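Take a look at the structure below.
No value in this document is a laboratory result; all are computed from the given coordinates. Not measured: the values here are computed from a predicted model. As a convention, Cβ positions derive from the backbone with ideal geometry for all residues, glycine included, and neighbour counts pool all protein chains shown.
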Amino acid sequence: MVKTLTSWPESFDEDTIKAIRQAIPDNKLLESFFSKRISIEELATKLNWKSFEKLTEIIFQSIGYLTLTNFRINRKEIDVVAYNQNLVFAVDCKHWKRMPSSSLKKSVNAQKARALLLTSTLTFSKKQIIPLIVTLYESEFKILYNVPIVPIFKLKDFVNNVYGYMELITVIKGP
């Protein structure tokens, strides 16, 4: 039975299709996804961690965000930085089959610290910065230490509705 857990667009523009094809070279897998025989969640489980990061980037781009991947600052790396005129998401992608809570807690704290570094950049210093963990599967935690933990199949909905979460999550504002 096919799960339909995603709010992925009904159709794709050419740039998005090209990006998906570059990120996921498996043509059979892509055919299943584009013909809607598998969900975005199922697609994500079949990817390696690098393609999972790329898929996260593509989702942000599909809803109008500009993105940077593997962004380095002060010897730290952020998997995906997605931004628009007002917001910046500092995203750590976790393509883990299991998420031990101790590892997740460490990841959340590290992501908060990496997101804070973005306030020192000219491009992001005047924006609201949100540390975010994107996971393969849904976690028992939805928000941990005020950092949202969002499964990839709910990413688009979360980003589109982020203003409804602003009082519950960490929002870093620059100087």
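The table that follows gives values for the structure above.
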read-out: Distance violations [Cα-Cα > 22 Å] among Lys94/Lys126; Lys18/Lys142; Lys46/Lys106; Lys54/Lys156; Lys36/Lys156; value: Lys94/Lys126; Lys18/Lys142; Lys46/Lys106
read-out: Global geometry of segment 44-87, whether rounded, prolate or oblate, following the gyration tensor of its Cα atoms and the 1.5 cut on a/c; value: oblate
read-out: Anisotropy class of segment 88-154 from Cα gyration tensor, a/c 1.5 cut; value: prolate
read-out: Convex hull per residue volume in Å³, alpha carbons only, for the chain; value: 119
read-out: Relative contact order of the chain, defined on C-alpha pairs under 8 angstrom at six or more residues apart (%); value: 20
read-out: DSSP-assigned coil residues among trypsin sites (Lys or Arg not before Pro) in segment 80-138, each with at most 15 further Cβ atoms within 10 Å; value: Lys97, Arg98, Lys126
read-out: DSSP-defined antiparallel bridges as percent of all bridges, the chain, nearest 5; value: 60
read-out: Segment 22-78: trypsin sites (Lys or Arg not before Pro) falling in loop per DSSP and having at most 10 other Cβ within 10 Å; value: Arg37, Arg75
read-out: Percent of beta bridges antiparallel (DSSP, segment 71-166, rounded to nearest 5); value: 45
read-out: About the Cα centre, charge dipole magnitude for segment 48-173 (Lys/Arg +1, Asp/Glu -1 at Cβ), debye; value: 360
read-out: Computed E for Ile169/Gln22 - FRET, C-beta separation, R0 30 angstrom, nearest 0.05; value: 0.40
